[in-house]
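The values are calculated or read from the model by the stated rules, or taken from the named source; none is laboratory data. Note that the structure is a prediction, hence the values are computed from the model and not measured. Every residue, glycine as well, gets a Cβ built from its backbone with ideal geometry; the counts of neighbours run over all protein chains shown. To get the accessible areas, we keep the full protein, side chains included, count just its heavy atoms, and leave off ligands, DNA and RNA. Shrake-Rupley method; radii C 1.70, N 1.55, O 1.52, S 1.80 Å.
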Amino acid sequence: MINLITLARECPGIQVTITLGDLIEANTALIAATKRELEQLITDQNAETYPTRDKVMEMLDVSQSTLWRWAKDGYLVPLNVGGKRRYKMSDVKRILEGVSQKGVTA
């Protein structure tokens with residue numbers, strides 16, 4: 001079977017005849033594959049992760065005392081995950097988006 005993408009790249013002027021039914025079937029398969037990929041991307045982006053204090057300090061470019069102060073103020077509160085203090089990535093993203101949208105630093 002000839003790879004149509006390779007054929008199109010090597011012979012861009014070639015004309016191909018295809019039935020309407022085959023065209024609809026190809027488009028349906030392409031749409032379904034794209035939908036699956038997008039659903040996986042959305043699922044991956046929405047999966048909660050729990051970075052360490054050091055990673056959060058690096059991501060937000062803040063000191064340990066800033067994280068302590070934020071926890072005290074309820075701005076970014078760590079959780080105990082497996083006996084270790086971790087942060088919800090969704091909370092970190094909220095702060096990152098707020099910094100980039102407002103143009104201020106924490």
Write out, first by first residue and then by second, each pair whose Cβ atoms fall under 6 Å of each other, whose residues are 6+ apart or on separate chains, and whose first residue, in the range 58-79, is not aliphatic (A, V, I, L, M) while the second is not in a helix (DSSP H, G or I). 70/76; 78/85; 78/87
Within the bounds of the range 34-44, is there any residue that is touching a residue at least 12 places away in the same chain (Cβ under 8 Å) and either more than 30 Å from residue 4 (Cα to Cα) or open to solvent by 100 Å² or more (accessible area, probe 1.4 Å) (or both)? no
Out of 17, 49, 43, I need the residue that is part of a helix (DSSP H, G or I) and of a type outside the set (Asp, Glu). Which one? 43
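Residues of the range 50-87 being among the charged types (D, E, K, R) and open to solvent by 70 Å² or more (accessible area, probe 1.4 Å), which ones?
Taking the range 50-87 first, the residues among the charged types (D, E, K, R) are 53-55, 58, 61, 69, 72-73, 84-86.
Within the range 50-87, 53, 54, 55, 58, 61, 69, 72, 73, 84, 85 meet the criteria.
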